[in-house]
Amino acid sequence: MAGGSEMTRYAALLRGINVGRNRRIAMADLRALLTEEGYGNVATLLQSGNVVLDAEQPPTKLVSALEGAIERRFGMAVGVVVRTKEELDRIVAGDPLADQVTDGSRYAVWFLAKPVPAAVAEALAAVDLQDDRYVVTGREIYGWLPHGQLDSPVATAMAKLKGLPTITNRNWNTVRKLLAMMD
């Protein structure tokens, strides 16, 4: 990272690590790597690839740099989605399902690298929602999954989508904790 630019606080969300026996990355090793790469105030949350850090790069360059560093160090391609503190503030403040959600652990936000493609909106529109609810906004999809992700028609439909830009989800409790860590 070159000096002289202003630092931006980011949440970096890694896709699909530490969810099974494969694709394991210890958060201490991830923090060490990102600190070695020159990022500031690196912190992680839980074991599922939630990182908060300061960087000088704009989002697209940061994503490429993080993905490259992770692949070089850990030998696996891991998709990364980033949001600035301001973007995460808007995501939390703009919560479109606040009046329906009763459990933050069953409320998910899918974060996409690019605006939600029409194919995703079409696939979700065809789902028998049962008790699920969702709202598509820009690069996020909010999903109230009252019976949990395993029994969710929306989560099942999202998992079946192929050929999309990087997408990863976090529950609402994690989203709020990440935002608090960014202060």
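Checking the conditions here, which among 32, 28, 65 is more than 18 Å from residue 173 (Cβ to Cβ), at pLDDT below 95 and not in a loop (DSSP other than H, G, I, E, B)? Give the derivation first.
Numbers: 32 fails: at pLDDT below 95; 65 fails: at pLDDT below 95.
That would be 28, the only listed residue that is more than 18 Å from residue 173 (Cβ to Cβ), at pLDDT below 95 and not in a loop (DSSP other than H, G, I, E, B).
Can you name the condition, by its number, that residue 90 falls short on among (1) over 25 Å from residue 164 (Cα atoms); (2) within 17 Å of the chain's Cα centre (by Cα); (3) surrounded by fewer than 19 Cβ atoms within 10 Å (Cβ to Cβ)?
The failed condition is (1).
Residue by residue through region 38-55, note down the ones that are assigned to a loop (DSSP other than H, G, I, E, B) and either touching a helix residue (DSSP H, G or I) at 6+ places or on another chain (Cβ under 9 Å) or touching a residue at least 60 places away in the same chain (Cβ under 8 Å) (or both).
So in region 38-55, the residues assigned to a loop (DSSP other than H, G, I, E, B) come out as 38-39, 46-49.
Result: 39, 46, 47, 48, 49.
Report whether or not residue 118 is on the phi < 0 side of the Ramachandran plot, out of contact with any helix residue (DSSP H, G or I) (no Cβ under 9 Å at 6 or more places or on another chain) and aliphatic (A, V, I, L, M). Outline the logic, then answer.
Values: on the phi < 0 side of the Ramachandran plot: yes; out of contact with any helix residue (DSSP H, G or I) (no Cβ under 9 Å at 6 or more places or on another chain): yes; aliphatic (A, V, I, L, M): yes.
Answer is yes for this residue.
With the condition kept exactly as written, say whether any residue in region 123-130 is open to solvent by less than 20 Å² (accessible area, probe 1.4 Å) and either within 20 Å of residue 13 (Cβ to Cβ) or of a type in the set (Ser, Thr, Tyr) (or both). Walk me through it before giving the result.
Residues of region 123-130 that are open to solvent by less than 20 Å² (accessible area, probe 1.4 Å), as a first pass: 124.
Adding the requirement that they be either within 20 Å of residue 13 (Cβ to Cβ) or of a type in the set (Ser, Thr, Tyr) (or both) leaves none.
No: zero hits.
The values are calculated or read from the model by the stated rules, or taken from the named source; none is laboratory data. The model shown is predicted, which means the values in this text are computed figures rather than measured ones. Cβ: placed from backbone, ideal geometry, glycine included. Neighbour counts: every protein chain shown. Remember, those area values only see protein heavy atoms, side chains included, never the ligands or the DNA or RNA. Shrake-Rupley method; radii C 1.70, N 1.55, O 1.52, S 1.80 Å.
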